[in-house]
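**Student:** Got a structure here, written out as structure tokens. Questions coming.
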Amino acid sequence: MAESFTLYKLIILYMLNKVDFPLTTSQISEFILDKGYTTYFKLQESLSELAASSLILPETTHNRTLYHLTENGAETIL
């Protein structure tokens, strides 16, 4: 079970590393959930754990959350 959460976190970090702009919760969810990788709740838990570990930085603006990759997050996936 822990391995699957690690995989979801790595997917999120990889996605954020590949773009030059922050991604919304909706954009991340659409990719991961449409592919059937996991459930909405496991995805939300993965996002929360990444934020708590300072690997991503959530920014709430206009009723949506944007996720930025931190320096630590970028180093994690190198």
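**Student:** Sort the following peptides by mean Cβ neighbour count (other Cβ atoms within 10 Å, averaged over residues), highest first: 64-70, 34-40.
**Tutor:** Ranked from most to least packed, the peptides come out as 64-70, 34-40.
**Student:** If you put +1 on each Lys and Arg Cβ and -1 on each Asp and Glu Cβ, how big is the dipole of the chain around its Cα centre, in Debye rounded to 20?
**Tutor:** 160 debye
**Student:** Describe numerically, in nm with one decimal, the distance between label points set 7 Å from Cα along Cα→Cβ at Phe21 and at Asn63.
**Tutor:** Inter-label distance under the simple model: 2.1 nm.
**Student:** Suppose a student asked you for the relative contact order of the chain, using Cα pairs under 8 Å spaced at least 6 residues apart; what percent would you report?
**Tutor:** Normalised by residue count, the contact order of the chain is 36 percent.
**Student:** By average Cβ neighbour count within 10 Å, what is the ranking of 57-63, 72-78 from highest down?
**Tutor:** Going by the mean number of other Cβ atoms within 10 Å, highest first, we get 72-78, 57-63.
**Student:** Still on this structure, please answer the following. Would you calculate a helix-derived [θ] at 222 nm for the chain, using -39,500 (n - 2.57) for each DSSP H run of n ≥ 4 and dividing by the full residue count, to the nearest 500?
**Tutor:** -18000 deg cm²/dmol, from helical runs alone.
**Student:** Pick the calculated Rg/Rh (Cα atoms, Kirkwood Rh) for this structure from [x] 0.95; [y] 0.93; [z] 0.99?
**Tutor:** Checking each listed value against the structure points to [y].
All of the numbers you see were taken from the coordinates with simple rules; none came from a lab. These figures come from a predicted structure and were not determined experimentally. FYI the Cβ positions are ideal-geometry reconstructions off the backbone, even for glycines, and counts take in every protein chain you see.
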